[in-house]
2 protein chains.
Amino acid sequence: MASLNEEYPPEFSDERSLALVSDIIDWQINHGSLLKHMDPETRFPDDSPQCYPVGITIFPTLFPREHFDRACELQTIYNELYCAMAEDERWIFEAIRDLIPVDPLAAALWGIHEEVKKVGYRQRVSVGIFRSDYMLDGPGVEFPLRPGENFAGSLKQVEFNTFSCAGATHANKAVDMHRYFARTNAYDPGDDRLINVALAALPHNNTIASLSACLAAAHDAYQPRKGQVATETAVLFVVQPNNFNIADERPLEYALWNHDPPIPAYRVDYPNDFLQYTTLTESRVLLFHPPWLGSKCVEISVAYMRAGYEAHEYDTTGREARLRIELSMAIKCPSLLAHICTFKKVQCALTTPGALEHFISPAKAALIRSTFVSMYPLDDSEVGSHARHLATDPELSQNYILKPSLEGGGHNIFGEDIPGFLAAIPQSQWSAYILMERIRSPSVFNVLLSSSGLDSGGVISELGIFGTCLWRDGTEERPCEMLQNSVGGWSFKTKHEEVNEMSVVKGYGCFDTPLLF
Amino acid sequence: MASLNEEYPPEFSDERSLALVSDIIDWQINHGSLLKHMDPETRFPDDSPQCYPVGITIFPTLFPREHFDRACELQTIYNELYCAMAEDERWIFEAIRDLIPVDPLAAALWGIHEEVKKVGYRQRVSVGIFRSDYMLDGPGVEFPLRPGENFAGSLKQVEFNTFSCAGATHANKAVDMHRYFARTNAYDPGDDRLINVALAALPHNNTIASLSACLAAAHDAYQPRKGQVATETAVLFVVQPNNFNIADERPLEYALWNHDPPIPAYRVDYPNDFLQYTTLTESRVLLFHPPWLGSKCVEISVAYMRAGYEAHEYDTTGREARLRIELSMAIKCPSLLAHICTFKKVQCALTTPGALEHFISPAKAALIRSTFVSMYPLDDSEVGSHARHLATDPELSQNYILKPSLEGGGHNIFGEDIPGFLAAIPQSQWSAYILMERIRSPSVFNVLLSSSGLDSGGVISELGIFGTCLWRDGTEERPCEMLQNSVGGWSFKTKHEEVNEMSVVKGYGCFDTPLLF
């Protein structure tokens, strides 16, 4: 009996492939699976605003069901872990102490934290929309597997994102699309093969519903002061100006307005418009009153951050804006300390012996640790010294990635490039980086469709699991109280096996759906 | 007390207007309210397929409720009328007899009809997706109306479309969009004014659901022969190649697949791909077997025509393709004779005394006739002679439009241009045209948003009412049996008052929603 791996994806004639591509593009245009075109010079929309389909795979990509399920199961433990971390200021400070002098973003955020502490945080509840990213690790494994053979590798975490996690909407639409084409027999090879059974069981994904439900729960948890000044309470999306990725953010706003009862949701550009159109009352209620709402003054229940993840956003204006958010009564998505937990340096600290057990039970810690690869600081410690040796050796460095504490892809240094890169920067800067073991995913065949055309060949995928949670700071005894803790769906992104980066919106990969086997 | 007319639309600051425009564009991108960008030279999609928002009004446009309701009420009578006309071959032939020698499309269609008649039509049931277009006629009326004053004008028909009626999906999305902005208070002037009450009552429009339900009903009415060759029965969308308006067509396909139970829907380019990928069985079952469906062979229940409305589509290949459709067992949307009823010449014949009463009751005929303006043929009859006088006089012609029998806008000659136009063509060609009284709509204020930017000023609107129906040919006594007869929703298009044409996809207007008063 043939295995699914051997017969998937089906081989189509050129004519059939082109027809499918045309159908896919039309589906994307009709369902907002798009990016907004921004002029590359100004990053402003053209006079005639245009958009184009976001990168997507033609076929769903094979992924072992066991590891998909495992990643989902781990998410509520990861949520619990990161909420507990976010309430442990001392532990976080120890983790990033060396980073602050060399990383402007860490310095800015910690500075704002200290500023807020002088008067005290005003809101005890926080909300988290997290995403834990994984890849399959199986250096020796080759697809297709032989009949009866199981995938022998393991699931390893690439990074944990606590701030401004993107891709949820695109992922939701990708699976909707692949499911549509599966239902309409567009992938059907024409006989009764395993493919059809597998395609009929594409996993469900409701990220738009679950992320908006999480924001709605936070909105409900907020105790409005309205009646004093404001006549309405609303969720505020704090966004980057001239955003080309509005198709990822906007559907969450629409979902809140479509909530029963409707939850008002507005958006504001960070930091300038935010500073101009908000004020803090004496009791630190955050009021929003932009000219486009006429005479209306809105009390902000939840500040949902989709901006402020890059160092350059923290000039004087940016700091002032973020400070106002953090000082306010509004529930933050996420809290400032939860934001800092997204730093690689913090995640590196988490791999040290006993760190996980500081926050969660030994049983849970063991489950989480099984997803870790080796991570090292490049500092003066014994571990750091070992790491420096690995990183500066042309041979040994090939198994590692050098990562700064920045969000998203595009900043990492891979393998053989590491020694040269480190040699070119002052040693005092080295502590801004961590060294992480490379994950070696087995490649499978697929066809990628992006604005640069069609590209078929070996691909590897990254599975992101969204976590949604609501927590309250606690006491010395029980520092963090989970109010809600859920799996919020997933994203699945696939890139050519020879490309190091993974960032669909930057053109390095495609949204995808796992075909579980 | 102020009237709604006086205070609408609200005057917004530049800042508020720009914020609203940005929100509108994002909404359109997220909801497929788009056109596909085609290279103007080749009309093929660019390498990187792009799309842009379809023209839309910033605010819903004022329209008198009485006339909106009236137009909806008339639609089932119009459906009945046109189905009856479509079953009266002799009457249609009389109406277009003079057109055939001068109009290649009329000649092609009638030729195909005669060809089919030799062996006989094989399907007795037909389906219609019609659209009756109206404008307000009120030459002396000026908006805003004074408080307490009612709109004194009347509702006049611009044309009746029986073939390949477009705009249903865009219209559905336009009202969804305006309703979204009304719900989210984007139009709220900030105090308790009539505007908010009116906006809360924007009329509902479910054209996607009703048009797809009509196709589904036709599919159900078809008696499949499957089991012999085909394993599946499906609706076939017969479309133009390289179509930039896929966002108007595709959602109907998606709706059929989402129907419970799913109704397979495929599309094929007319005429080349159609000819290549279909065959007629001996019993004239229409089979569809394109390479992209693998080894599958599909029996076509309904041929939904979204191509074949232009004369150039009837070269040898085009004629052969249409002939195959008409010969087949498939239910046609619409039948060939119903297609011919879309000709202005036919609609002109309908305005002659007694013509309506030939098809419908005197009471219904009176209702329909009240929507007619004067229409004249330019032939040798007494009426034609009068029309030639009107059309060639520089003064008198100003109140008329010269219309060929072609579908859609872009071919009409307006007012003072008529005498010169007629003088430049041979008199033998004149009978291809009809002369129609101009409708003078009162203008109202609105802001139009299209790919060429923002344009505010006086605008006039065209209301299209969709009719969906299913009918069977009958006996001499009762030539047409209505199986279904419904109002299928509406479209509402608005253009600058100084622009003559109305064609949103060609850039002459915007989709809109009526704000009823």
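The values are calculated or read from the model by the stated rules, or taken from the named source; none is laboratory data. Here the structure is a predicted model, which means the values were calculated and not measured. Counting neighbours? That spans all protein chains shown, and the Cβs are built from the backbone with ideal geometry, glycine included.
Given (1) within 14 Å of another protein chain (Cβ to nearest Cβ); (2) assigned to a loop (DSSP other than H, G, I, E, B); (3) farther than 24 Å from A:Pro251 by Cα, identify the lone condition not met by A:Pro262.
Here A:Pro262 clears every test but (3).
For residues that are among the hydrophobic types (A, V, I, L, M, F, W, C) and within 21 Å of the chain's Cα centre (by Cα), scanning just region B:73-94, find the one that is farthest from B:Ile325 (Cα to Cα). It would help to see each step written out before you state the result.
Here is the first cut: in region B:73-94, the residues among the hydrophobic types (A, V, I, L, M, F, W, C) are B:74, B:77, B:81, B:83-86, B:91-93.
Applying the additional criterion that residues be within 21 Å of the chain's Cα centre (by Cα) yields B:74, B:77, B:81, B:83-86, B:92.
Details: B:Leu74: 31, B:Ile77: 28, B:Leu81: 24, B:Cys83: 19, B:Ala84: 22, B:Met85: 21, B:Ala86: 17, B:Ile92: 21 Å.
Taking the candidates together, the pick is B:Leu74.
Restricting the search to region A:73-127, which residues are touching a Cys at 6+ places or on another chain (Cβ under 9 Å), buried (at least 20 other Cβ atoms within 10 Å of the Cβ) and acidic (Asp, Glu)?
A:Glu80, A:Glu87
In region A:288-302, is there at least one residue being closer than 28 Å to A:His411 by Cα and free of Cβ contacts under 8 Å to residues at least 24 places away in the same chain? Walk me through it before giving the result.
Let us first name the residues in region A:288-302 that are closer than 28 Å to A:His411 by Cα, namely none.
Taking every residue of region A:288-302 in turn, none turns out to be closer than 28 Å to A:His411 by Cα and free of Cβ contacts under 8 Å to residues at least 24 places away in the same chain.
Report yes if B:Lys506 is of a type in the set (Lys, Arg) and buried (at least 21 other Cβ atoms within 10 Å of the Cβ), otherwise no.
So B:Lys506 fails the test.
For A:Asp273, which of the numbered conditions (1) part of a loop (DSSP other than H, G, I, E, B); (2) touching a residue at least 12 places away in the same chain (Cβ under 8 Å) fails to hold?
Condition (1) is where A:Asp273 drops out.
Looking at A:Val298, A:Val268, A:Val285, which is the one that is of a type in the set (A, V, I, L, M) and more than 12 Å from chain B (Cβ to nearest Cβ)? Steps first, please.
Working: A:Val298 fails: more than 12 Å from chain B (Cβ to nearest Cβ); A:Val268 fails: more than 12 Å from chain B (Cβ to nearest Cβ).
Exactly one of A:Val298, A:Val268, A:Val285 is of a type in the set (A, V, I, L, M) and more than 12 Å from chain B (Cβ to nearest Cβ), namely A:Val285.
Give the number of residues within region A:481-508 that are touching an Asp or Glu at 6+ places or on another chain (Cβ under 9 Å) and at pLDDT 90 or above.
Qualifying residue count, region A:481-508: 10.
Kindly indicate the residue of region A:233-259 that is over 22 Å from the mean Cα position of the chain (by Cα) and within 14 Å of A:Ile208 (Cβ to Cβ) and also farthest from the other protein chains (Cβ to nearest Cβ) among those meeting that condition.
A:His259
Search region B:431-476 for residues being touching a Lys or Arg at 6+ places or on another chain (Cβ under 8 Å) and of a type in the set (Phe, Trp, Tyr), and hand back the single one that is farthest from B:Thr494 (Cα to Cα).
Ranking the candidates gives B:Tyr433 first.
Give A:Ala307, A:Ala311 a once-over and let me know the one that is over 17 Å from A:Thr279 (Cα atoms), at pLDDT below 95 and not β-branched (Val, Ile, Thr). First the steps, then the outcome.
Details: A:Ala307 fails: at pLDDT below 95.
Only one candidate passes the filter, namely A:Ala311.
Could you identify the single residue in B:His219, B:His178 that is more than 30 Å from A:Ala19 (Cβ to Cβ), assigned by the TED database to the domain that holds B:Ser132 and not aromatic (Phe, Trp, Tyr)? I'd like the intermediate steps shown before the answer.
Values: B:His219 fails: more than 30 Å from A:Ala19 (Cβ to Cβ).
Checking each option against the conditions leaves just B:His178.
Checking B:Pro291 against (1) more than 11 Å from chain A (Cβ to nearest Cβ); (2) farther than 27 Å from B:Trp471 by Cβ, only one condition comes out false. Which one?
If we test B:Pro291 against (1) more than 11 Å from chain A (Cβ to nearest Cβ); (2) farther than 27 Å from B:Trp471 by Cβ, just (1) comes out false.
Quick one: B:Glu320 ticks every box in (1) touching a Gly at 6+ places or on another chain (Cβ under 6 Å); (2) assigned by the TED database to the domain that holds B:Cys480 bar one, so which box is it?
Here B:Glu320 clears every test but (1).
Residues that are more than 14 Å from chain B (Cβ to nearest Cβ), touching a helix residue (DSSP H, G or I) at 6+ places or on another chain (Cβ under 7 Å) and at pLDDT below 90, at least 1 per element: which helices (runs of 4 or more DSSP H) completely within region A:99-206 meet that?
On the way: elements: A:104-119, A:168-183, A:194-200.
Because the criterion is at least 1 residues that are more than 14 Å from chain B (Cβ to nearest Cβ), touching a helix residue (DSSP H, G or I) at 6+ places or on another chain (Cβ under 7 Å) and at pLDDT below 90, the helices (runs of 4 or more DSSP H) in region A:99-206 that meet it are A:194-200.
Any residue at all in region A:129-140 that is in contact with a Pro (Cβ under 7 Å, 6 or more places away or on another chain) and in the same structural domain as A:Ile331 (by the TED database)? Full working, then the answer.
Of all residues in region A:129-140, those in contact with a Pro (Cβ under 7 Å, 6 or more places away or on another chain) come to A:136, A:138.
Keeping just the survivors that are in the same structural domain as A:Ile331 (by the TED database) gives A:136, A:138.
Checking region A:129-140: at least one residue is in contact with a Pro (Cβ under 7 Å, 6 or more places away or on another chain) and in the same structural domain as A:Ile331 (by the TED database).
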